Each structure stands twice: as structure tokens, then as C-alpha cells.
Amino acid sequence: AQPFVVVGYHIPGVSHPDFRAYELLGDILGNGRSSRFYQRLVKQDKIASDAGAGAGFVGDKYPTLLFANATVSKDASPEQVEAALYDEIDRLIDEGPTPDEMEKVKTLNTAAFIRGLRSNQGLAGQLARWEEQQGDYHKLFRYVDQIGAVTAEDVQRVATAALRPSNRVVGILRKQAS
């Protein structure tokens, strides 16, 4: 019943050489309770009850979106939440990700990837997905190296290129007045 703010930034699809940097960028901004958005909007400012971000909304085969979202707290406004999202984005663009952030998101992505391959069904699904999306299932086996090769400078560079006002679409969902 609370307002919901979502901001999408246009990014290239999974076949683009920078896509792994976009994935890590989304995770730094909004994956989990230690992410920048959660720490700022939920813990520090208390203007959101939840906040997140990620690359590849609604899919990632073709050009897609890196999205940021937050559920507005009872005593806050969507405008406050939207402004705080932009503040954190600007801070990341200006300062870049920290070494700890880079290590954390690389570890999380690598672990999730490996966990997804532990079962026959998981492996088969990933092989099919990579063949369908990238035309070559062999690329699956280079994923960990691709994630490991992304630098903080890469993340800052793609953030600077994509997370700009002229490249975004904003939606605010509000409860209909009674």
C-alpha cells in the first residue's frame, strides 16, 4: 500500500563486453542489506522500507535496464526517496566503488553462479540459457573469469556512462485515493 519508486537506466544486453561491470554496479547499489541503497535509504535516512537495484530488467539478452527501486516509508515522500537514490548514484560516480564493495559483489556473483551449477538441472538450465542468449554455451565457463576481471574503474566508467538523467525512465506507483 506504500508508494514505490523505480528508476530504470538503459544499458546494453548480456553480449556486450561491459555487461559484467553493469551487473556488479547494480549489486553494489542495491543487492542486499549491505548495499548502498539499503544502507542509505532504509538504515540511515529511514525513508524506505526496502531498496534494491540490479542489471537486466526484465531480461538481458537484448538491450535492457539497470533498475533502482525502493518502497517509500510511511512518513516519507516518493520525491525524498528518488532524490536519495540519485544522491547515492552520484556518490558512486564521483568516488567509485570501494575495494570492499568490489570484493563482496565479485564473491557473491561467483558463489551464486557456482551454486547454480551444483545440480544436473541447474547445469542443464545454465547451458541452455547461455546457448540461447549468447549463441555459445562454452561462454558459460568463462563467467567467473569475466567477473574477476571487472575493475572498480570499469564499474565507475559504466556508471558514469549510463546513470545520467537523459538515460533514465522513472515510475512512481501510488495507492489510488479513496
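Brief remarks on what is shown
Per-residue answers, yes or no, for (1) in a strand (DSSP E or B); (2) over 16 Å from the mean Cα position of the chain (by Cα):
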{"position": "A55", "(1), (2)": "yes, no"}
{"position": "D60", "(1), (2)": "no, no"}
{"position": "L65", "(1), (2)": "yes, no"}
{"position": "A68", "(1), (2)": "yes, no"}
{"position": "A76", "(1), (2)": "no, yes"}
{"position": "E79", "(1), (2)": "no, yes"}
{"position": "Y86", "(1), (2)": "no, no"}
{"position": "I89", "(1), (2)": "no, no"}
{"position": "I93", "(1), (2)": "no, no"}
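- Flag if I11 is open to solvent by less than 30 Å² (accessible area, probe 1.4 Å) and touching a Pro at 6+ places or on another chain (Cβ under 8 Å): yes
- So D100, is it farther than 23 Å from T64 by Cα, within 19 Å of the chain's Cα centre (by Cα) and either at pLDDT 95 or above or not β-branched (V, I, T) (or both): yes
- Once segment 106-121 is narrowed to residues that are open to solvent by 40 Å² or more (accessible area, probe 1.4 Å) and in a helix (DSSP H, G or I), the residue that is farthest from N31 (Cα to Cα) is N120.
- Any hit, segment 98-105, residues being basic (K, R) and either closer than 26 Å to Y9 by Cβ or part of a helix (DSSP H, G or I) (or both): yes
- Contacts under 8 angstrom Cβ, first residue in segment 94-121 being under 17 Å from Q146 (Cα atoms), partner surrounded by 10 or more Cβ atoms within 10 Å (Cβ to Cβ) and of a type in the set (F, W, Y), 6 or more apart: F113/Y143
- Single residue of segment 137-178 satisfying the filter (open to solvent by 50 Å² or more (accessible area, probe 1.4 Å) and of a type in the set (A, V, I, L, M)) that is farthest from F19 (Cα to Cα): A177
- Top-ranked residue in segment 30-53 [being in a loop (DSSP other than H, G, I, E, B) and under 11 Å from the mean Cα position of the chain (by Cα); ranked as nearest to D87 (Cα to Cα)]: S35
- Subset of segment 58-73 (residues that are open to solvent by 70 Å² or more (accessible area, probe 1.4 Å) and either free of Cβ contacts under 8 Å to residues at least 24 places away in the same chain or within 15 Å of L85 (Cβ to Cβ) (or both)): V58
- The residue that is farthest from E153 (Cα to Cα), among those in segment 22-57 that are among the aliphatic types (A, V, I, L, M) and touching a Pro at 6+ places or on another chain (Cβ under 9 Å), is I28.
- Of all residues in segment 96-153, those satisfying the criterion of being among the polar types (S, T, N, Q) and within 25 Å of A53 (Cα to Cα) are T98, T107, N109, T110, Q126, Q133, Q134, Q146, T151.
- Residues of segment 14-27 that turn out to be surrounded by 24 or more Cβ atoms within 10 Å (Cβ to Cβ) and hydrophobic (A, V, I, L, M, F, W, C), as a count: 3
- Which numbered condition Q134 misses (of (1) farther than 19 Å from E23 by Cα; (2) open to solvent by 20 Å² or more (accessible area, probe 1.4 Å)): (1)
The values are calculated or read from the model by the stated rules, or taken from the named source; none is laboratory data. Treat the numbers as computed from the prediction; the structure is a model and nothing was measured. For neighbour counting, all protein chains shown are included, and Cβ atoms are generated from backbone atoms with ideal geometry for every residue, glycine included. Accessible surface is based on the protein model in full, side chains and every heavy atom, while ligands, DNA and RNA are left aside. Shrake-Rupley method; radii C 1.70, N 1.55, O 1.52, S 1.80 Å.
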